[in-house]
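Each remark here refers to the structure printed beneath this line.
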Amino acid sequence: MQTDMEALLDAALTHVPFEGMNEAALRAGAADIGMAPAMVAVHFPQGGAALAAAYHRRADAQLRDWLAATPPDGRLRDRMTQAIWHRLTLVDPDLVRAGAATLALPQNAALGARLIWESADIIWNGLGDHAEDANWYTKRATLSAVISATVLFWLGDESAMRAETRAFLDRRIEGVMRFESVKARLRRLPGATRLGDMAFGWIRAPRNRNLPGCTRSR
């Protein structure tokens with residue numbers, strides 16, 4: 001059963017192409033479903049930024065369900081590419097563009113970065129990542145950069161079936177794999193493990209994945 005917040009989200013999104021990802025779209029959506037204007041701030045206290053975040057996280061939830069139900073096959077790079085590509089199919093470019101414009105505002109920049117991190121976390125978790133040390137952070141930071149760059153490219157891609165975006169994504173994932181390969185080789189060097197423990201041994205993945213920026217519970 002759809003909640004009041006979900007109903008308002010759906011109603012507001014129909015106005016985003018005309019109003020932008022902002023409070024005007026939320027107010028118009030509330031009017032459409034007969035919701036009192038005062039309830040808009042209850043469900044979306046950050047206005048347009050909260051609307052953008054809700055749209056982003058709904059697609060992330062759909063991605064999490066897809067990864068759990070139909071995990072991609074093949075090499076890690078192929079599975080990672082499939083996950084990111086599927087995530088793009090879950091959203092509308094015009095709504096993403098409007099959301100990006102809102103999240104690019106200085107007061108919303110931290111939220112925008114956190115949302116990308118959450119997407120990267122969902123993908124790594126869905127692909128079976130079990131890192132507990134500094135790798136937990138480096139993997140997500142690297143993938144966050146790939147996701148951000150790919151979305152920006154995708155928004156401007158006018159090629160048939162967005163083939164240029166797929167090629168761009170393939171190149172970026174190849175870069176991630178090279179980075180992971182270099183890390184693996186470095187860890188095999190004599191004394192590398194001990195040096196790593198001395199320098200970064202205190203770093204551990206969050207035990208409580210309900211902390212800000214984390215998307216999986218332990």
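Residues are listed down the side, and each one gets a yes or a no for (1) crowded, with 18+ Cβ neighbours inside 10 Å; (2) touching a His at 6+ places or on another chain (Cβ under 6 Å); (3) part of a helix (DSSP H, G or I):
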| site | (1), (2), (3) |
| --- | --- |
| PRO17 | no, no, yes |
| ALA30 | yes, no, yes |
| ALA36 | no, no, no |
| HIS56 | yes, no, yes |
| LEU63 | yes, no, yes |
| PRO71 | no, no, no |
Study note, to complete from the structure: Among the residues of region 134-163, the number that are surrounded by 15 or more Cβ atoms within 10 Å (Cβ to Cβ) and not in a helix (DSSP H, G or I) is 1
Check your understanding: Can MET21 be described as in contact with a Gly (Cβ under 8 Å, 6 or more places away or on another chain), of a type outside the set (Val, Ile, Thr) and at pLDDT 95 or above?
Key -> yes
Review point. With (1) among the small types (Gly, Ala, Ser); (2) outside any helix (DSSP H, G or I); (3) without any contact (Cβ under 8 Å) to a residue 60 or more places away in the chain as the list, and ALA131 as the residue in question, which single condition is left unmet?
Key: (3)
Study note, to complete from the structure: When (1) surrounded by fewer than 19 Cβ atoms within 10 Å (Cβ to Cβ); (2) modelled with pLDDT of 95 or more are applied to ARG77, the one that fails is (2)
Practice item. Search region 54-66 for residues that are modelled with pLDDT of 95 or more and among the hydroxyl-bearing types (Ser, Thr, Tyr) and pair each with any residue that is part of a helix (DSSP H, G or I) and crowded, with 18+ Cβ neighbours inside 10 Å when their beta-carbon atoms are under 8 Å apart and the residues are at least 6 apart or on different chains. Key: TYR55/LEU9; TYR55/LEU13; TYR55/LEU95; TYR55/GLY99
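The values are calculated or read from the model by the stated rules, or taken from the named source; none is laboratory data. All values reported here derive from a predicted model rather than from experimental measurement. Here Cβ is always computed from backbone atoms with ideal geometry, including for glycine, and neighbour counts include all displayed protein chains.
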